[in-house]
Amino acid sequence: CTRERCQRLDLSGNTRNWFLTGSPDSYRNFIGKGQRGLLNVSNTEVYKNVHHSCGRFCFPSSQPLGEKTISLQSSSVGQLPHCFSAWNIQIIRSFRTSPSFQAAPVPLLWIIVKPAQKLFAIILGRSIRNWWKALPPNKRELFKESARKNKWKILLGVSSLGVLFVMFYFTHLEETPITGRARLLVFGKEHFRELSEMEYDMWMEEFKSKMLPETDARYQVVERVVGHLSESNKDIPQVSALKWVIHVVDEPGVNAFVLPNGQVFVFTGLLNAVSDIHQLSFILGHEIAHAVLEHAAEKASLVHFLDFLSLIFLTMIWAICPRDSLAVVGQWIQSKLQEFMFDRPYSRTLEAEADKVGLQFAAKACVDVRASSVFWQQMELAETIQGQPKLPEWLSTHPSHENRAEHLDRLIPEALKIRESCNCPSLSGPDPRLIFKLNMQRLLESSKDRETPNSTNRDLSKPKLDFPHN
């Protein structure tokens, strides 16, 4: 990319699901003259403080993001933060960088017709079963004999139906922007743009009393980060084609999402959970990637295709099962098999792809991409400290925090090359991943030193874990 595209950002220094990708699941105004310059985007000045991104694990929830950034800038590279409290992280049980529902909304007509189709399949299957039961034994034998004689014709008919489905699948394959991955796309982009407008109105109505004004420091931070990401990646047609509009919601949930029409929603809980501008840039790059890669339309297309296929199995279940109770059990099993064999693995694939592309977006914006994996390690640590149970990854629509961090670590070398090709300033100072690892070791040592014979009588709900000063 050109030097103009890769303009410098001073970088001194996880989603419920209605995201037509994914959605939702606290500051004083610090804009002074010097502080305002801290987050300014400049085309000419190269800032040298990028190494400070690793200076602190977390911040008290009451401390503004601007103060976090200032404290990072003023601390020395080799010095650990004076205070660490993982309990100050505002974190929900399962951080999502896309909405909590398993699939994106589908065209409105399909939303209306889908339940009716399932009801029709159940009625049809049940009618076939009752009709068969009502037949006299001699007519049943005639039907069986006729089926045996025409088994090849029946097989040919079923095979033809299968061929039609295969042809439909391959004739609706498209190439994913940027990554070039082949994917099924049944619905057009215009459908989702219209639906995203409807969803935008819904969210605005829900959060109308919680929207931060444009003069709020937190709003301006998000605006500058999104603006810098979009400007640095404007050579990508899908990025430059959208108008990115910022909305910061005063909600404690650790969440952010982007609608297909470019409406960006960020919760203040996320601003309190990230350690610096680097991590925030990566998270927002991930959400922008969902919109750019059209994951909403892709996921809805797959769900639509699988649901249509499932109507055949649903009809067969209700026709074959001797009782309605067994048919209900069979229908539940069929739906769970579809969910865990197709829907959730596919969602995890889309999340991993958004991580990859979001990391590339951040690299072109001269972000310290090494901080991306640290964010997920922090999320993993916070859940561990809070004693939240670890669910197997196959039960989730998102990769586990640990696997996500490992995946990003594998992508970081390539992202660093992209960053270098954009003539970004060198990343002086220690790797934030190394700093985090050292901090964890010292945290464990510190906690062991604090143990006393009466430690079992301590109030474990409010531990006080501080890092040493050096």
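Some notes on this structure:
- Pick from the stretch 391-423, criterion outside any helix (DSSP H, G or I) and not β-branched (Val, Ile, Thr), ranking: surrounded by the most Cβ atoms within 10 Å (Cβ to Cβ): 398
- Meets criteria (under 19 Å from residue 360 (Cβ atoms), open to solvent by less than 10 Å² (accessible area, probe 1.4 Å) and small (Gly, Ala, Ser)) for residue 256: yes
- Taking the stretch 435-444 as the range and being surrounded by 12 or more Cβ atoms within 10 Å (Cβ to Cβ) and either more than 16 Å from residue 279 (Cβ to Cβ) or in contact with a strand residue (DSSP E or B) (Cβ under 8 Å, 6 or more places away or on another chain) (or both) as the test, the residues that pass are 437, 438, 440, 442, 443.
- Selection of helices (runs of 4 or more DSSP H) fully inside the stretch 168-260 by the criterion of at least 1 residues being under 27 Å from residue 422 (Cα atoms) and polar (S, T, N, Q) returns 217-232, 237-240.
- Residue in the stretch 116-139 that is among the polar types (S, T, N, Q), open to solvent by 60 Å² or more (accessible area, probe 1.4 Å) and modelled with pLDDT under 65 present: no
- Hey, residue 296 buried (at least 24 other Cβ atoms within 10 Å of the Cβ) and part of a helix (DSSP H, G or I) or not: yes
- Among the numbered conditions (1) farther than 20 Å from residue 435 by Cβ; (2) modelled with pLDDT under 90; (3) open to solvent by 20 Å² or more (accessible area, probe 1.4 Å), the only one that residue 381 does not meet is (1).
- Being farther than 19 Å from residue 272 by Cα, out of contact with any Asp or Glu (no Cβ under 8 Å at 6 or more places or on another chain) and assigned to a helix (DSSP H, G or I) is a property that residue 384 lacks.
- Every pair of residues 6+ apart whose Cβ atoms lie under 6 Å, when the first sits in the stretch 155-170 and is surrounded by 10 or more Cβ atoms within 10 Å (Cβ to Cβ) while the second is assigned to a helix (DSSP H, G or I): none
- Residue 449 being open to solvent by 50 Å² or more (accessible area, probe 1.4 Å), charged (D, E, K, R) and more than 30 Å from residue 181 (Cβ to Cβ): yes
- Of all residues in the stretch 330-372 being of a type in the set (Ser, Thr, Tyr) and over 13 Å from residue 397 (Cα atoms), the one that is most open to solvent (accessible area, probe 1.4 Å): 335
The values are calculated or read from the model by the stated rules, or taken from the named source; none is laboratory data. Being a predicted model, the structure only gives us computed values, none of them experimental. Note: ideal-geometry Cβ built from the backbone for every residue, glycine included; neighbour counts use all protein chains shown. All accessible areas refer to the heavy atoms of the entire protein, side chains included, with ligands and DNA or RNA removed. Shrake-Rupley method; radii C 1.70, N 1.55, O 1.52, S 1.80 Å.
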